[in-house]
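Participant: Take this structure, written in structure tokens, and hold onto it; I'll ask about it next.
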Amino acid sequence: MSAEADAATPTPSPAAGPKPAAGHIRLTSHSGGFGALPIRWDAPTAAERGPVVGTTSKRAHRNVIGTHSGSYSVYRALAVAAGALSRQHKADLTNTMPTDLIGPYPQWSEPGKIVSLDPWGASVADVFATELAAGYDIRPTIAVTKAHVILPEVLEALQKGRLKADGKFLTAGGAAMVTKAAIEPVWYLPGVARRFGCSETDLRRVLFEETGGMYPELVTRSDLEVFLPPIGGQTIYIFGNPRDLANPAVELTARVHDECNGSDVFGSDICTCRPYLTHAIEECIQGAQRGGVGLVAYSRKEGRALGEVTKFLVYNARKRQVGGDTADQYFARTECVAGVQDMRFQELMPDVLHWLGIRKIHRLVSMSNMKYDAITGAGIEVGVRVNIPDELIPADARVEMDAKMAAGYFTPGVVPDAEELKKAKGRGLDA
Ligand SMILES: [Zn+2]
């Protein structure tokens, strides 16, 4: 095994397919960084900031820890291992440019404003054309496109007259016109550490240890300050003109939503996630039709970022406990299984709002005090908070809603008292 494995690693012929396991193991911990371009985070222009290079094919060019595609980087490794993907494959970015230009906005270079995504990530083919031509494998970490979104709840709102088709934001067939963007995480480690109030050294060591030693560079390469973590990213849906997001004079309706596959996709009725999401989309469409703009920012933080296995274990613990599923035990049961109530830590969430240039959210479609505190703490003004209408809360989700309101979630109504929280409201497992 050689630490200077780059030169010794045979270059597979793309046509013949890779021989993934051949040659030396390519260590990352002691490579010299020869030819790597510097990154100056928070720099005002793309040229001064420099590109994020997470390629695995030309290791000397790498200027980050980790690689692209978030959690899917592991599937990429599988594809290489299976011989299906050439290690040397370089993305052909022809015609992949964003449908809508986002920024640049002043927030992009205000120190500490954005630490968990690359604001230039959508436009690398443009702003780093010279470096790409010089042979650097620079990949977009953001993609912006357009779509028609058709949801049964929106169709129902049309039929009931709550929404009106205008052919511009909403078609008669119930399709909402959106601009959407997918965003991969790009962490500037000094900034992330500051956001969480810990030292960068501690953050690096804990990330290294708690991923089972997955990225030795976290502890051996303090000169590399940017980390592409193997986690899910986020998707944003914009209703109306994306440029209007940065104009505080234009009414902005926004929801920041954390993934809940069981409810969002499969309609599970133990929580309010999908009803709240579709309600927010309805609000966003109405907002756009009033001359404003709407935004849904969707983060891959399944089950309060505890993951779905933990979430389902908690469901069972809640429903099997003595006295049944009650709001007063809602957070306690999660804590018993996971050790914490919540791992979403909204501290990084406002970054995407800064990327979009947002300074004011006129209507925040969320009851979460954690999201509200994170947004206002990041210097973004919030007008009114819009709660989920009572009639949209599934019966089995009453436990969650009561527990959250008692814990400080925003509600214009009555906060349930201790007696109310003790009443079993959730269904049993066999019901
Ligand atoms: Zn949910």
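Participant: Suppose every Lys and Arg Cβ carries +1 and every Asp and Glu Cβ carries -1, with no other charges. What dipole size does the chain come out with about its Cα centre, to the nearest 20 debye?
Facilitator: The calculated dipole for the chain is roughly 520 debye.
Participant: At 7 Å along Cα-to-Cβ for each site, give me the label-to-label distance between SER222 and ALA82 in nm.
Facilitator: 4.2
Participant: If you restrict to DSSP beta bridges whose two residues both lie in the chain, what percentage is antiparallel, to the nearest 5?
Facilitator: 60
Participant: If the limit is 18 Å between Cα atoms, which of LYS360/LYS404; LYS58/LYS90; LYS319/LYS423 go over it?
Facilitator: Values: LYS360/LYS404 25 Å; LYS58/LYS90 11 Å; LYS319/LYS423 13 Å.
Check vs 18 Å cut-off fails for LYS360/LYS404.
Participant: Which of rounded, prolate or oblate describes the stretch 205-279 when judged by the alpha-carbon gyration tensor and an a/c cut-off of 1.5?
Facilitator: Judged from the Cα gyration tensor, the stretch 205-279 comes out oblate (a/c at least 1.5, b/c at or above a/b).
Participant: Calculate, for the chain, the solvent-accessible area per residue in square angstrom, rolling a 1.4 angstrom probe over the heavy atoms of the protein chains.
Facilitator: Roughly 46 Å² per residue, with all protein chains present.
Participant: If you don't mind, another one. Relative contact order of the chain: what whole-number percent is it, with Cα pairs under 8 angstrom and at least 6 residues apart?
Facilitator: Dividing the mean separation by the residue count of the chain yields 14 percent.
Participant: So who's got an amide H within less than 5 Å of the one on VAL382, skipping anything under 5 residues away but keeping other chains? H placed 1.01 Å off N, in plane.
Facilitator: ILE361
Participant: Projected onto the charge dipole of the chain (+1 at Lys/Arg Cβ, -1 at Asp/Glu Cβ, origin at the Cα centre), which of TYR276, ALA397, VAL52 gives the Cα projection farthest towards the positive end?
Facilitator: It is VAL52, whose Cα lies furthest towards the positive end.
Participant: Please check: in the Gaussian network model of the chain (C-alpha springs, under 10 Å), which one of GLY291, GLY50, GLY121 has the largest mean-square fluctuation.
Facilitator: Result for the chain, Cα springs under 10 Å: GLY291 fluctuates most.
Participant: Then there is this: Heavy atoms only, probe 1.4 Å: what % of the accessible area of the chain goes to carbon and sulfur, would you let me know?
Facilitator: Summing carbon and sulfur atoms, their accessible area is 56 percent of the total for the chain.
Participant: Provide Rg and Dmax in Å for the stretch 214-256, with only Cα atoms included in the calculation.
Facilitator: 18.1, 48
Participant: Quick one: length gained pulling GLU391 to PHE266 fully straight, 0.36 nm per residue minus the C-alpha distance? Mind dumping the intermediate values first?
Facilitator: On the way: separation 125, 0.36 × 125 = 45.00 nm, distance 1.96 nm.
Difference between extended and current length: 43.0 nm.
Participant: Let me ask something else. If the cut-off is a Cα-Cα distance under 26 Å, which lysines reach LYS164, setting aside same-chain residues fewer than 8 apart in sequence?
Facilitator: LYS146, LYS180
Participant: Only Cα pairs within less than 10 Å get springs; with that Gaussian network setup on the chain, which residue of LYS168, LYS371, LYS160 has the largest fluctuation?
Facilitator: Comparing LYS168, LYS371, LYS160 in the GNM, the peak value goes to LYS160.
Participant: Could you check the simple spin-label distance between GLU48 and THR211, using points 7 Å along Cα→Cβ, in nm with one decimal?
Facilitator: With each label placed 7 Å out from Cα toward Cβ, I get 3.0 nm.
Participant: Which chymotrypsin sites (Phe, Trp or Tyr not before Pro) from the stretch 33-135 combine a DSSP loop assignment with at most 15 other Cβ atoms within 10 Å? Could the numbers behind the result be given before it?
Facilitator: Details: sites: PHE34, TRP41, TYR72, TYR75, TRP108, TRP120, PHE128; in loops: PHE34, TRP41, TRP120, PHE128.
Answer in residue order: PHE34.
Participant: May I ask you to derive the FRET efficiency for ALA431 and VAL309 from their Cβ-Cβ distance with R0 = 30 Å, giving the value to the nearest 0.05? Provide the component values of the computation, followed by the final result.
Facilitator: Values: r = 23 Å, r/R0 = 0.77.
According to the calculation, E is roughly 0.85.
Participant: While we're on this one: Taking 2.2 N^0.38 Å as the expected size of a compact globular protein, what ratio does the Cα radius of gyration of the stretch 57-147 give against it, to two decimals?
Facilitator: For the stretch 57-147, the normalised Cα radius of gyration is 1.21.
Participant: If you average the alpha carbon positions of the stretch 251-325 and of the stretch 87-141, how far apart do those two centres end up, in angstrom?
Facilitator: 30
Participant: Label-point separation (nm) for ARG162 and ASP417, each offset 7 Å from Cα along Cα-to-Cβ?
Facilitator: 3.2
Participant: How big is the Kirkwood radius of the chain, worked out from every pair of different alpha carbons and given in Å to one decimal? Walk me through the numbers before you get to the answer.
Facilitator: Numbers: mean 1/r = 0.0424 Å⁻¹.
Kirkwood hydrodynamic radius for the chain: 23.6 Å.
Participant: Now for a separate question. Could you list, by residue number, the cysteines of the chain that have no other cysteine's beta carbon within less than 4.7 Å of their beta carbon?
Facilitator: Unpaired cysteines in the chain: CYS198, CYS271, CYS284, CYS336.
Participant: Which peptide among 52-65, 404-417 comes first, and what is the full order, when sorted by highest mean count of other Cβ atoms within 10 Å?
Facilitator: 52-65, 404-417
The values are calculated or read from the model by the stated rules, or taken from the named source; none is laboratory data. Just so it is clear, the structure is predicted and the values come from calculations on it, not from any experiment. Please note: Cβ atoms are built from the backbone with ideal geometry, for glycine as well, and neighbour counts cover all protein chains shown. Protein only, heavy atoms only, side chains kept; ligands, DNA and RNA dropped before computing areas. Shrake-Rupley method; radii C 1.70, N 1.55, O 1.52, S 1.80 Å.
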